[in-house]
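Student: After the structure tokens below, expect a handful of questions from me.
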Amino acid sequence: MVNIRPFRGIRPAKEYASRVAALPYDVYSRKEAYVQAAKDRLSFLNIDRPETQFAEEIDMYATEVYRKADELLQERIAKGIFRQDETDSFYLYEQTMDGRVQTGLVACASIDDYLKGTIRCHENTRAEKEADRIRHVDVCSAQTGPIFLAYRKNDRIQTITQRVKHGNALFDFTSEDGIRHRGWQITDAADIRAICEVFAGIERVYIADGHHRAASAVRVGLKRREEHPNYTGEEEFNYFLSILFPDEDLMIMDYNRVVKDLNGLSEESFLKKLREKFEVTPCDKAQSPQEKGSFSMYLGHQWYCLRVHEKFKCDDPVQGLDVSILQNELLSLVLGIGNPKEDPRIDFIGGIRGLAELERRVHTDCAVAFAMYPTSIAELFAVADAGSLMPPKSTWFEPKLRSGLFIHEIER
């Protein structure tokens with residue numbers, strides 16, 4: 001059973017929502033964060049990346065940096081830029097991108113569900129990346145970046161969702177990238193009870209994006225439990241901010257690869273080795289892979305279609321992924337990239353940037369590029385259900401959830 005519950009959300013006033021909403025903190029380098037935060041002082045990036053309030057030589061992990069995040073948040077609450085709802089509520093968050101709509105339920109998920117695996121992961125987390133968000137949540141006593149969760153579509157939830165969306169929206173704006181954002185509040189006791197009952201009957205939910213944010217929220221919750229030895233389990237620190245989307249709403253984009261060199265091989269020798277594992281066909285123009293088991297490759301101003309030979313396919317949930325096949329049969333064996341998480345010769349390009357970005361990289365600082373067929377949400381579920389982990393950079397979700405639209409406060 002999945003334990004979710006409503007909460008008293010801290011939200012921007014309607015007139016400020018479009019200015020507050022910001023892309024997740026981790027999509028920006030430090031230099032990019034300074035530029036973006038400076039565009040609008042109300043952008044939540046100023047709170048999510050509080051080092052932007054200091055000179056660049058200041059240690060971005062210094063204690064005063066996190067204190068600044070808390071100071072800014074409390075200041076904006078005091079000024080009415082943010083307001084806290086008076087009653088526990090669920091919320092809906094709808095995003096529309098290129099005509100495709102995804103609508104998530106904004107709720108608090110249980111840290112115990114995370115610990116016992118009812119909330120399933122498909123990626124490893126790194127302690128150094130967790131540490132930053134642990135301190136941010138701990139000092140602010142608030143979870144400011146929602147965890148992107150997915151569940152198998154449920155008709156009862158869909159019925160409630162569609163009815164609520166006929167009401168007045170909390171916010172409705174289109175961001176600079178053309179994505180429309182709308183939100184609604186669910187306060188009806190019967191709806192709240194029904195939603196909780198539905199999820200209590202769901203076996204598990206899955207982290208689509210935000211593994212480090214989830215792990216950090218859980219770590220802070222456990223820390224608070226130590227600080228409050230008489231905790232009951234009902235305190236807000238036992239839960240973390242989440243947005244749960246039905247699987248049918250979601251789209252995973254390709255997560256492509258570029259490699260700096262051919263590992264000492266000539267183009268001719270490289271292509272010869274590829275043909276041992278793949279059917280290699282030149283293409284007249286750039287085109288994305290059209291089916292699982294196929295890849296597009298850009299080499300020497302020429303696009304190629306690669307199809308893996310049948311004997312190298314696999315039914316294992318992890319080893320059968322296209323990203324695993326490419327890594328095991330080509331990147332590792334041919335190009336010598338044993339650990340893609342650490343090898344500086346490989347880089348990863350989100351599919352949102354298109355095939356032109358792969359061509360640009362090959363024309364500037366890389367030797368070869370590979371466009372992937374997107375991992376499916378069913379494959380993500382299968383890997384998580386098997387208790388396994390995906391290779392690095394297997395999924396790229398679009399659109400990204402905006403930070404600052406919903407905040408969950410925990411006890412100090």
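Student: Give or take rounding to whole Å, what are the principal axis extents of the alpha carbon atoms in the chain, in descending order?
Tutor: 68, 51, 43
Student: From the Cα trace of the range 53-99, what convex hull volume per residue do you get, rounded to a whole Å³? Display every interim value, and only then the final one.
Tutor: On the way: hull volume 8.3 nm³, N = 47.
Cα-based convex hull of the range 53-99, divided per residue, equals 176 Å³.
Student: Under a 5 Å amide H to amide H cut-off, with H placed in plane at 1.01 Å, what residues pair with E398 once short-range neighbours are removed?
Tutor: M251, M253
Student: Another one. Could you give log10 I(q)/I(0) at q = 0.16, 0.20, 0.27, 0.29 Å⁻¹ for the range 196-258, computed by the Debye formula over C-alpha point scatterers of equal weight, without solvent?
Tutor: -0.74, -0.97, -1.21, -1.24
Student: Here is a further query. Sorting check: for 311-317, 84-90, 145-151, 109-115, which peptide has the highest mean count of neighbouring beta carbons within 10 Å, and how do the rest follow? Spell out each step's value before the answer.
Tutor: Values: 311-317: 12.3, 84-90: 15.3, 145-151: 24.7, 109-115: 20.1.
Peptide ranking by packing, descending: 145-151, 109-115, 84-90, 311-317.
Student: Using per-residue counts of other Cβ atoms within 10 Å, averaged over each peptide, order 38-44, 375-381 from highest down.
Tutor: Details: 38-44: 16.3, 375-381: 20.0.
Per-residue mean Cβ counts within 10 Å order the peptides as 375-381, 38-44.
Student: So what is Rg over Rh here for the range 160-268, counting just Cα atoms and using Kirkwood for Rh? Mind dumping the intermediate values first?
Tutor: On the way: Rg = 21.3 Å, Rh = 18.9 Å.
Taking Rg over the Kirkwood Rh, I get 1.13.
Student: Which loop GluC sites (Glu not before Pro) in the range 159-257, with loop taken from DSSP, have no more than 16 other Cβ atoms within 10 angstrom of their Cβ?
Tutor: Numbers: sites: E176, E197, E203, E226, E227, E234, E235, E236, E248; in loops: E176, E203, E234, E235.
Of the GluC sites (Glu not before Pro), the ones in loops of the range 159-257 whose Cβ has at most 16 other Cβ atoms within 10 Å are E176, E203, E234, E235.
Student: Give the cross-link partners of K116 among the lysines, using a straight C-alpha distance below 24 Å as the criterion and excluding same-chain residues fewer than 8 apart.
Tutor: Those lysines meeting the cut-off are K129, K153, K223.
Student: Which of the chymotrypsin sites (Phe, Trp or Tyr not before Pro) found in the range 180-234 are in a DSSP loop and have at most 11 neighbouring Cβ atoms, other than their own, within 10 Å?
Tutor: Numbers: sites: W184, F199, Y206, Y231; in loops: Y231.
Loop-located and lightly packed - none at all.
Student: Quick one: what are the phi-derived ³J(HN,Hα) couplings along the range 205-219, Karplus 6.51/-1.76/1.60 with θ = phi - 60°, whole Hz, x for glycine and proline?
Tutor: Whole-Hz 3J(HN,Hα) from phi for the range 205-219: 10, 10, 6, 7, 8, x, 4, 6, 5, 5, 4, 5, 4, 5, 4.
Student: Rounded, prolate or oblate: which one fits the range 255-373, using the alpha carbon gyration tensor with axes a ≥ b ≥ c (rounded when a/c is under 1.5, else prolate when a/b beats b/c, else oblate)? Walk me through the numbers before you get to the answer.
Tutor: Numbers: a/c = 1.25, a/b = 1.19, b/c = 1.05.
Judged from the Cα gyration tensor, the range 255-373 comes out rounded (a/c under 1.5).
Student: Additional query: What is the ratio of the Cα radius of gyration of the range 117-192 to 2.2 N^0.38 Å, where N is its residue count, to two decimals? Walk me through the numbers before you get to the answer.
Tutor: On the way: Rg = 17.1 Å, N = 76, 2.2 N^0.38 = 11.4 Å.
Rg over 2.2 N^0.38 Å, computed on Cα atoms: 1.50.
Student: Give me the angle, in degrees from 0 to 90, between the Cα long axis of helix 30-39 and the longest principal axis of the Cα atoms of the chain, rounded to the nearest 10.
Tutor: 50
Student: Karplus couplings for the range 370-387 from phi (6.51 cos²θ - 1.76 cosθ + 1.60, θ = phi - 60°), rounded to Hz, Gly and Pro as x?
Tutor: 10, 9, 9, 7, x, 4, 8, 5, 5, 5, 4, 4, 5, 5, 5, 5, 7, x
Student: Using alpha-carbon positions, what is the distance between the centroids of the range 335-412 and the range 219-233, in Å?
Tutor: That distance is 34 Å.
Student: Here is a further query. Check A142: other-chain or 5+ apart residues with amide H under 5 Å from its amide H, H built from backbone geometry?
Tutor: Here I410 satisfy the definition.
Student: In the range 211-318, how does Rg compare with the Kirkwood Rh, expressed as the Rg/Rh ratio over alpha carbon atoms? If you can, show how the numbers build up before the last one.
Tutor: Values: Rg = 23.7 Å, Rh = 18.9 Å.
Dividing the radius of gyration by the Kirkwood radius yields 1.25.
A short reminder: the numbers here are calculations on the coordinates, not readings from a lab. Keep in mind that what you see is a predicted model, and the values were worked out from it rather than measured. Virtual Cβ from ideal backbone geometry, glycine too; neighbours counted across all protein chains shown.
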